[in-house]
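The values are calculated or read from the model by the stated rules, or taken from the named source; none is laboratory data. Source: prediction; values computed, not measured. Quick reminder, even Gly has a Cβ in these numbers, built from the backbone with ideal geometry, and neighbours come from all protein chains shown.
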């Protein structure tokens, strides 16, 4: 495994999340990189060529490591698929309970206010 | 390592940290489904020199330690320690994290000089039609409770038509208690 294309990377990441549902963690790291060694970079800088940067995304579950790079052109498509993936798998986080309680209170208030308004109108 | 409690502060500081050093700043995420925990970390790998007093009977060693302490102190002023962390177990923070993901992807793929309002502007544009939808929902709730006249309160054009309140400041009317507004009809 190791360095993959963005789509196979997303598939592997999906299986990683699924494997680690009951036990374990998934780490995802995002970093800017030119994917070149320092010497190559220096050569390019002295030659006057612009160094092209890409976004390096790494993922691991403690045992397996996968990674991919995303350029400026395809990063939006990748981030959309990545967001869908995360939304689908991060289901264990708590839903906001306070808001539901608040909604209940607000709903009662509205009804209460509405009922008091009516007699005045008449 | 600092756990930041406010999300907006975390976002602001991490973007700032990235722009200060785009090459070495990384954005990490750790998710544990079994615990329902999500931890975000943004760091630039720079550490403030930690100093601790070394008590030594050996004078040379003491001298060296003093020098290193001074050096560390000076360096500490120049090299700022930065590691920002944010932990949560709330589903709403996962949504906020998506926005931060978008920001970082744009910053890292295109460059630190990317106009962030493009990224957030898109989200605002997506949010606006959603907001309008919510407004309409509120409309229907109020219609049920306060009757047709209430609709007037929420659209200025109709207000002016109905009560001839074009001369009045609309904001003033909105601040009046509802019963009085209804009376004016």
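The numbered conditions (1) at pLDDT below 95; (2) within 18 Å of the chain's Cα centre (by Cα); (3) within 28 Å of residue B:91 (Cβ to Cβ) are all true for residue A:23 except (2). Within region A:70-88, not a single residue is at pLDDT 90 or above, under 27 Å from residue B:107 (Cα atoms), surrounded by fewer than 17 Cβ atoms within 10 Å (Cβ to Cβ) and touching a strand residue (DSSP E or B) at 6+ places or on another chain (Cβ under 7 Å). Mind listing whichever residues of region A:22-40 are within 10 Å of another protein chain (Cβ to nearest Cβ) and surrounded by 13 or more Cβ atoms within 10 Å (Cβ to Cβ)? The answer is A:24, A:25, A:26, A:27, A:28, A:29, A:30, A:31, A:32, A:33, A:34.
This table checks each residue for (1) away from chain A (no Cβ under 13 Å); (2) modelled with pLDDT of 90 or more.
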| position | (1), (2) |
| --- | --- |
| B:4 | yes, yes |
| B:25 | no, yes |
| B:32 | no, yes |
| B:43 | no, yes |
| B:66 | yes, no |
| B:74 | yes, no |
| B:82 | yes, no |
| B:113 | no, no |
